[in-house]
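The values are calculated or read from the model by the stated rules, or taken from the named source; none is laboratory data. Everything numeric in this text was worked out from a predicted model, so none of it was measured. All Cβ positions, glycine included, derive from the backbone under ideal geometry; neighbour counts span all protein chains shown.
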Amino acid sequence: MGVFRRRRAALQAHVDAFGFGRRRRTYAVTGVMGGLAQLARRTLLGLAVLLIGLMIALRPPSAFLKGAVVVGAVLVGFGLRLAWRRFAAAQEINRCYLYPDGVVVTSLFGQVRDVVAWADVTTLGRQSTNSPLMAFHRIELGRRDAGPLVVLALGSDPALAKDLVQQAAQHDIRPLGFRG
């Protein structure tokens, strides 16, 4: 049995102890660093586009070579992002698992970071931003006994936000005002 399978089996055994039932869906989530990485990536992409535009307009010596380097750097950035997504999914890093009776969130190391049963959730709050530099939804599940469970889903319209709202409605959890 490989490392990935052992980790996945250990995580599933840990979650089975809570009795949440069979997993419905899995989503990628992130923290503050993921949001900042998105901001940096989009800023660098904007600067690269600006630099290519300036090279077309000003035509410096060896503009083709300089443009090729800029385009290559952008392509490497997209490739690294795709590779990280695949690696994180395989390692079950920063994931949010929705179950019929609860929610489980893993950490950067693939370990269970937080668990909440739908019976313990009192409120669901959402905040979002959708600008050219950042697009994310911050979802907060308020609990009776502990602090809130907070997840950050990148993107302008992540499926996680929709599914959490839908499951909260099924469990008669009142949503707080949506701020976006």
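Here are the numbers for this structure:
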read-out	value
Any pair with Cβ under 6 angstrom, 6 or more apart, that starts in segment 109-125 at a residue that is without any contact (Cβ under 8 Å) to a residue 60 or more places away in the chain and more than 9 Å from Leu141 (Cα to Cα) and ends at one that is assigned to a strand (DSSP E or B) and hydroxyl-bearing (Ser, Thr, Tyr)	Arg113/Thr106
Ala161 vs. criteria within 23 Å of Gly21 (Cβ to Cβ), in contact with a Lys or Arg (Cβ under 8 Å, 6 or more places away or on another chain) and not in a loop (DSSP other than H, G, I, E, B)	yes
Conditions (1) without any contact (Cβ under 8 Å) to a residue 40 or more places away in the chain; (2) over 21 Å from the mean Cα position of the chain (by Cα); (3) not in a helix (DSSP H, G or I): number failed by Leu75	(3)
Residue ID - farthest from Ala40 (Cα to Cα), chosen from residues in segment 94-124 that are of a type in the set (Gly, Ala, Ser) and more than 17 Å from the chain's Cα centre (by Cα)	Ala119
Evaluation of Gly19 against (1) in contact (Cβ under 8 Å) with a residue 60 or more places away in the chain; (2) under 15 Å from Val151 (Cα atoms) (one fails), failing number	(2)
Selection count where residues are touching a residue at least 24 places away in the same chain (Cβ under 8 Å) and part of a helix (DSSP H, G or I), scope segment 29-72	12
Subset of segment 51-78 that is modelled with pLDDT of 90 or more and under 21 Å from Gly35 (Cβ atoms) - its residue that is surrounded by the most Cβ atoms within 10 Å (Cβ to Cβ)	Val74
Qualifying residue in segment 9-21 (condition: closer than 22 Å to Gly155 by Cβ, surrounded by 12 or more Cβ atoms within 10 Å (Cβ to Cβ), among the aromatic types (Phe, Trp, Tyr) and touching a strand residue (DSSP E or B) at 6+ places or on another chain (Cβ under 8 Å))	no
Any hit, segment 109-124, residues being under 13 Å from Ala28 (Cβ atoms) and part of a strand (DSSP E or B)	no
